[in-house]
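Working notes, structure below.
The values are calculated or read from the model by the stated rules, or taken from the named source; none is laboratory data. What you see is a predicted model; the values in this text were computed from it and never measured. Glycine also receives a Cβ, built like all others from the backbone with ideal geometry; neighbour counts cover every protein chain displayed.
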Amino acid sequence: MLSLIQGIFTSYGLVGAFLLVAIIMLISYTFASSIKQKRMGSAIAIILGLVIAYVAGKYTGGTSGVADIAVFSGFGLLGGGMMRDFAIISTAFGVKVENLKKAGIPGSIALVFGVIFSFIVGSIIAYLLGYTDPVDVATIGGGAVTFIVGPVTGGALGASSEVIALSIAAGVVKSILTMIITPFIAPIIKLDNPTAAMVYGGMIGTTSGVAGGLAATDPKLIPYGAMTATFYTGLGSLLCPSVLFVLVRALIG
Amino acid sequence: MEIYGFGLVGLCMFIGTFLGRSLGVALGISGNVGGVGFAMLLLVAITNYLEGKGRPLHERTQNGIRLLSALYIPIIVAMAARQNVVAAFEGGAVAFLAGGLATIGAMLCIPFITKLTSPKKDKEAA
């Protein structure tokens, strides 16, 4: 009986993921309306997804959350980069050119400022907590930019695998924290219009974090934030191992 | 047909990713620099151009694109469920503080950057 059900889930992986996500969303939205917070439905669903990923990660010891369990492997496809980017692009449908033009300059400034800001904060923390080698400091600083920039920086500079792992963890903390706190912090930082969303995408930049955070806040803002965030990791990979590393070395080397 | 909508988004994605990866190669970093952004701009440009010409996409083509964007939140929930949450919790103080303070600090900067850089008339919208 159990192996029969297992067999269905493994052979219909993607459909199984749709089914389970539908159940997660049903539970979350029902809970959200029962506490009279309908808008929080997607935020709760995302947090529930993260909790499931944590439990699954503890259980399997793998790095891909629930997707590491054979019967839930469809989550790997549905929640992977391909479907995420395909769906993100489709959200640009209905975007007005004038809104983009209006937010273009603030978005670009936020992009450069956001990468440098995160790098500096991450580097200062690394330094204060006892990392004095400029390579280690820059790698952890890169991790505070995104979990891709960290290993790219560390790889380019020849950091140890322990420090690279730490930089990835810093980037994952950023991404997950962004998904969770964005809907709660949105009213405080006035994240309610296309320009602010483009600045937000540029300042935070971690693609999954921005995607999840905006989905939980206001789906109308997704295309604007995603648009700038998509340049962030590239810009970080460019600046961190070069200009920003030279700066770190000049200061503490 | 609805599939035309899927096809159009797919076409934008492939062209955008091609541009993004070419830019990555040109800059000497492996990876895709802004591919999704280029694809989104392309989709905005195509649909705005067609509307400007008075020939918007067929209703059913539009429905295909709308179906994809309606799948966005479920896809994000699936994405959340496959994150390496354990690593985030076990990265220790350095990972937690570096990632956490960078995130919170950057978020608190958002209103200032929005205010400093956007044209005055934005205030009416807010």
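For this structure, a couple of remarks:
- Some residue of the stretch A:174-191 being touching a residue at least 60 places away in the same chain (Cβ under 8 Å) and over 17 Å from B:Leu108 (Cβ atoms): yes
- Count of residues meeting criterion [in contact with a Leu (Cβ under 6 Å, 6 or more places away or on another chain) and of a type in the set (Ser, Thr, Tyr)] in the stretch B:86-119: 1
- Residue in the stretch B:58-66 that is more than 21 Å from A:Thr217 (Cβ to Cβ), facing chain A (nearest Cβ under 7 Å) and in contact (Cβ under 8 Å) with a residue 12 or more places away in the chain present: yes
Residue-by-condition table, conditions (1) at pLDDT below 90; (2) outside the structural domain of B:Gly16 (by TED's automatic domain parsing); (3) assigned to a helix (DSSP H, G or I); (4) touching an Asp or Glu at 6+ places or on another chain (Cβ under 9 Å):
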position	(1), (2), (3), (4)
B:Leu43	no, no, yes, no
B:Ile46	no, no, yes, no
B:Leu50	no, no, yes, no
B:Arg60	no, no, yes, yes
B:Asn63	no, no, yes, yes
B:Ile75	no, no, yes, no
B:Phe89	yes, yes, yes, no
B:Ala95	yes, yes, yes, no
B:Ala102	no, yes, yes, no
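- Of A:Thr63, A:Thr10, all but one fail to be over 22 Å from A:Ala226 (Cβ atoms), facing another protein chain (nearest Cβ under 7 Å) and not small (Gly, Ala, Ser); the exception is A:Thr63.
- Number of the condition not met by A:Ala159 [criteria: (1) buried (at least 23 other Cβ atoms within 10 Å of the Cβ); (2) in contact (Cβ under 8 Å) with a residue 40 or more places away in the chain; (3) more than 7 Å from chain B (Cβ to nearest Cβ)]: (2)
- Here A:Phe147 meets each of (1) crowded, with 24+ Cβ neighbours inside 10 Å; (2) part of a helix (DSSP H, G or I); (3) more than 8 Å from chain B (Cβ to nearest Cβ) with one exception, condition (2).
- Residue check, B:Leu97 touching a residue at least 60 places away in the same chain (Cβ under 8 Å), facing chain A (nearest Cβ under 7 Å) and of a type outside the set (Asp, Glu): no
- Flag for A:Ser3 being among the hydroxyl-bearing types (Ser, Thr, Tyr) and closer than 23 Å to A:Ala215 by Cα: no
- Residues satisfying the stated conditions in the stretch A:1-38, i.e. touching a residue at least 12 places away in the same chain (Cβ under 8 Å) and not hydrophobic (A, V, I, L, M, F, W, C): A:Gln6, A:Thr10, A:Tyr12, A:Gly13, A:Gly16, A:Ser28, A:Tyr29
- Here A:Lys190 meets each of (1) closer than 19 Å to A:Ile120 by Cβ; (2) surrounded by fewer than 21 Cβ atoms within 10 Å (Cβ to Cβ); (3) within 7 Å of another protein chain (Cβ to nearest Cβ) with one exception, condition (1).
- Subset of the stretch A:193-221 that is within 13 Å of the chain's Cα centre (by Cα) and at the interface with chain B (Cβ under 7 Å from one of its Cβ atoms) - its residue that is modelled with the lowest pLDDT: A:Ser208
- Residues that are in a helix (DSSP H, G or I) and at pLDDT below 90, drawn from the stretch B:1-20: B:Gly20
- Residue list for the stretch A:88-110, filter: buried (at least 23 other Cβ atoms within 10 Å of the Cβ) and in a helix (DSSP H, G or I): A:Ile88, A:Ile89, A:Ser90, A:Ala103, A:Pro106, A:Gly107, A:Ala110
- Test result for B:Thr47, more than 7 Å from chain A (Cβ to nearest Cβ), in contact with a Phe, Trp or Tyr (Cβ under 9 Å, 6 or more places away or on another chain) and either among the hydroxyl-bearing types (Ser, Thr, Tyr) or within 24 Å of A:Ile181 (Cβ to Cβ) (or both): no
- Pairs meeting the criteria (first residue in the stretch A:239-253 and over 17 Å from A:Gly143 (Cβ atoms), second residue modelled with pLDDT of 90 or more and part of a helix (DSSP H, G or I), beta carbons under 6 Å, at least 6 apart or on different chains) are A:Arg249/A:Pro134; A:Ile252/A:Pro134; A:Gly253/A:Pro134.
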